[in-house]
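Below you'll find the structure, written out as structure tokens, and then a few comments.
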Amino acid sequence: MSGKIIPLSDGVEGLFVKNTRFNTTLVSFNFYVPLAADTAAEYALLPFMLTTCSKKYPDFSALNYKLASLYGAQLEASAEKFGDCQLLRMSVSVINDRFTFENESLIKQASDLIVGLIFEPNTENGAFYTEDLAREKRKAIEHIKGEISEKRIYAKNRLISEMYRGKAYGVPKCGTEDDVLTITGESLYSAWRRMLSSAFVRVQVVGSSVPAGLFEDIGARFETVERRDITDVKKCAVTLPADTPRTVDEHMDITQGKLVMGFSSELAGDDDKTLPMMVMTDIFGGGPYSRLFTNVREKMSLCYYCSASSVRQKGLLTVDSGVEAKNAEKAQNEILNQLEAVKRGEFTDFEYNSSLKSIADSLKTYNDSQISLDLWYALKAANPNLYSPEDIAEKVSHITREEVINAANGIKLHTVYRLLPKEAAE
């Protein structure tokens, strides 16, 4: 295991991940809020709004000048799905103190900067400024339109919306374009207040050291906020099997069709329960050694690409592929045939061993990027054990063929979404 959780305030915890490979230290603030249709767009906008200006730095020019004075410190913001929650991330990366003149604590200064951005936004009379809001709304809408234009992303998002219709996980992580358009300076201010008062918060430091008093100062800042109704990050509804699998067809002016299939899994939850599902998903549709790649794509030429992925916290497995309309039915049937083959244990030692090695190699790459390593731990907030990538690689190496087969036998088809060319409907 790596690091230790430090309680900072009610529903606020700190985590130091020691890693001496980097010449910089990253400090991130991770806010976990409920994922809901009426708040998703506002919450998703907040990390980007808060990291562009503040009371002290009312425009990006002033903020950029401050970042430059911190030896080129970098701010990042994102909004992610985390089970049935939204994860709102804001981080700052700055060079380690030992590289500065007179060993001044840039890490502490950078931490103070991001705390100021979060707690003292550029607002007036209970509202964000219209000009700042218009800028960020425009960028948010461009992002949403970009995902719609990228049909592979669009098709997978549509599958999720159909599988989880009326449920939290079916809500788009950034809301819809219409949702963004309705945001006002006042409504975003209210969302900011709710985030500070009710989000579960994890502050993470990834680097070689933590300046004395950094976590204590952050905890004291949260003590000034009335915290209530804290989001329960461990609360996540598992994916239940469908009584009857559904097929949803949509037709657009496209040339390459998209076939996306969603499955429920009996294995759902944290790492200790679901690692066999990770290995099973990889053997089924991971690398070039997988059943889907070697059979559906290569041998039978039924699709342009075909791969599987899983969200183990939800007990969800998906397969997405690019197909010609005439091959959509054949590809779907063969994907199901390959799943049945895995259920029967009809995968070779080469496929099994290649999967274990590929997963281990992939886990090692987390240590090559501070942002990736930071996100790894942010996405483990619901796990009772704080496993590092190395811990998981070690556990995966002991997953047996029998465990893989058992995991596969808990997989059931839930929903099929097909995005096909218009002429296929004629």
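Per-structure values
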| read-out | value |
| --- | --- |
| Residues of the chain: accessible area per residue with a 1.4 Å probe, Å² | 44 |
| For the chain, size of Cβ-based charge dipole, Lys and Arg +1, Asp and Glu -1, in debye | 420 |
| Rounded Å value of the spacing that divides the Cα centres of the range 231-289 and the range 11-83 | 30 |
| Of [x] 24, 53, 23, 1; [y] 22, 46, 25, 7, 0; [z] 25, 56, 19, 0, the label for P(r) over Cα pairs in 20 Å bins from 0, in percent derived from the coordinates | [x] |
| Dipole of the chain, positive end: most advanced residue of Leu8, Ala381, Leu88 [Cβ charges, Cα centre] | Ala381 |
| Qualifying GluC sites (Glu not before Pro) for the range 224-289 [loop in DSSP, other Cβ within 10 Å: at most 13] | Glu226 |
| Added length on full extension, which subtracts the Cα-Cα distance from 0.36 nm per residue, Glu266 to Asp59 | 69.5 nm |
| Exposure of Lys145 as accessible area (Å², to 10), given a probe of 1.4 Å and all protein chains | 100 |
| Within a Gaussian network of the chain (alpha carbon springs, distance under 10 Å), most fluctuating of Arg158, Arg135, Arg401 | Arg135 |
| The chain - percent of accessible surface contributed by carbon and sulfur, probe 1.4 Å | 50 |
| Solvent-accessible surface ranking, highest first, for Tyr304, Tyr43, Tyr352, Tyr366 at 1.4 angstrom | Tyr304, Tyr366, Tyr352, Tyr43 |
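The values are calculated or read from the model by the stated rules, or taken from the named source; none is laboratory data. Every value quoted in this text rests on a predicted model; they were computed, and no experiment measured them. With ideal geometry, Cβ positions are generated from the backbone for all residues, glycine too; neighbour counts draw on all protein chains shown. Calculation scope for accessible area: heavy atoms of the full protein, side chains included, ligands and nucleic acids excluded. Shrake-Rupley method; radii C 1.70, N 1.55, O 1.52, S 1.80 Å.
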